[in-house]
Structures are given as structure tokens and as C-alpha cells.
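Just below is one structure, and these are the notes that go with it.
The values are calculated or read from the model by the stated rules, or taken from the named source; none is laboratory data. Keep in mind that what you see is a predicted model, and the values were worked out from it rather than measured. Counting neighbours? That spans all protein chains shown, and the Cβs are built from the backbone with ideal geometry, glycine included.
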Amino acid sequence: MVVDLALPLVQATEKLTEIMAVVGRQNVGIILTVPASTSANMIETTSNLTNNLAPIVALTKLDECDVSTAEFSSFATFNAKIGLLSASQSMADAPLFASESILMQYLTDNLIARTDCNFDSHRLEA
């Protein structure tokens, strides 16, 4: 069974906690969709509210925005499990399972390359 909760985060966490109490925590898997444009502060707030649910994070809208090192650091701080990547807002549109190699490829393509460009531009200014 799939349940899509379109509620404010506080209410959604309360409802999910109630569902888990009825059907058993081991019978529930939660996917928390987080748009790529989400700030580090919002990731912290969301993580604080959902950490006890042990969700799998699905990063969405990766075709519109990049996830910066600050955002990845926020996910790491809260031991978030990034499990899915999606270019569009809809998770139904061919999500990628976020294996270590896929995440490393994303980091290489989007963070390391950008850092190298910034470093080269600073070097030219000096």
C-alpha cells in the first residue's frame, strides 16, 4: 500500500507515527522527497522532525537545481539515507536508485567540477 501525505510536515509525521503504531514499524517504509533547491537549514528542520521515522530521502528536481556541499553536509550530519534521485518533481518519472557509484558520479559532475571552475577563476584573478 502506498500512502501519499500532502500535509504540513508536523502533521504528516504525526500521522505516519500513528500508522506505524497500528501496522508495525517493520512493515512501513517512508520515502521523504526533498527538492534539490532545499536549503541546509530546511534540511536540518526536516531531519529533526522526521529522524525518528528513518525515511529514505529522494532528491528531486535535480534537473533544475544542484545540491551544494552545504546541503550534502546537512544530510550527512543527520545520517540521512539518500536512496533515490529524480530529475523531475514526480518520483514516478524514472527515479534512479542512489547507489554509491551514482552518488559519486553526481558529486563528481556537479560539485567537484564546479569547485575546479571556481578555483581556476580565482587563480586567474590573482
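For (1) surrounded by 15 or more Cβ atoms within 10 Å (Cβ to Cβ); (2) outside any helix (DSSP H, G or I), each residue gets a yes or a no:
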site: Ala12; (1), (2): yes, no
site: Thr33; (1), (2): yes, yes
site: Ile43; (1), (2): yes, no
site: Leu59; (1), (2): yes, yes
site: Ser73; (1), (2): no, no
site: Leu84; (1), (2): yes, yes
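From Asp109, Asp66, grab the single residue that is more than 20 Å from Asp4 (Cβ to Cβ), assigned to a loop (DSSP other than H, G, I, E, B) and modelled with pLDDT under 80. Please lay out each step first, then the result.
Numbers: Asp109 fails: assigned to a loop (DSSP other than H, G, I, E, B).
Answer to the check: Asp66.
One residue stands out in the stretch 14-31 among those that are touching a residue at least 12 places away in the same chain (Cβ under 8 Å) and among the aliphatic types (A, V, I, L, M): the one that is surrounded by the fewest Cβ atoms within 10 Å (Cβ to Cβ), namely Ile31.
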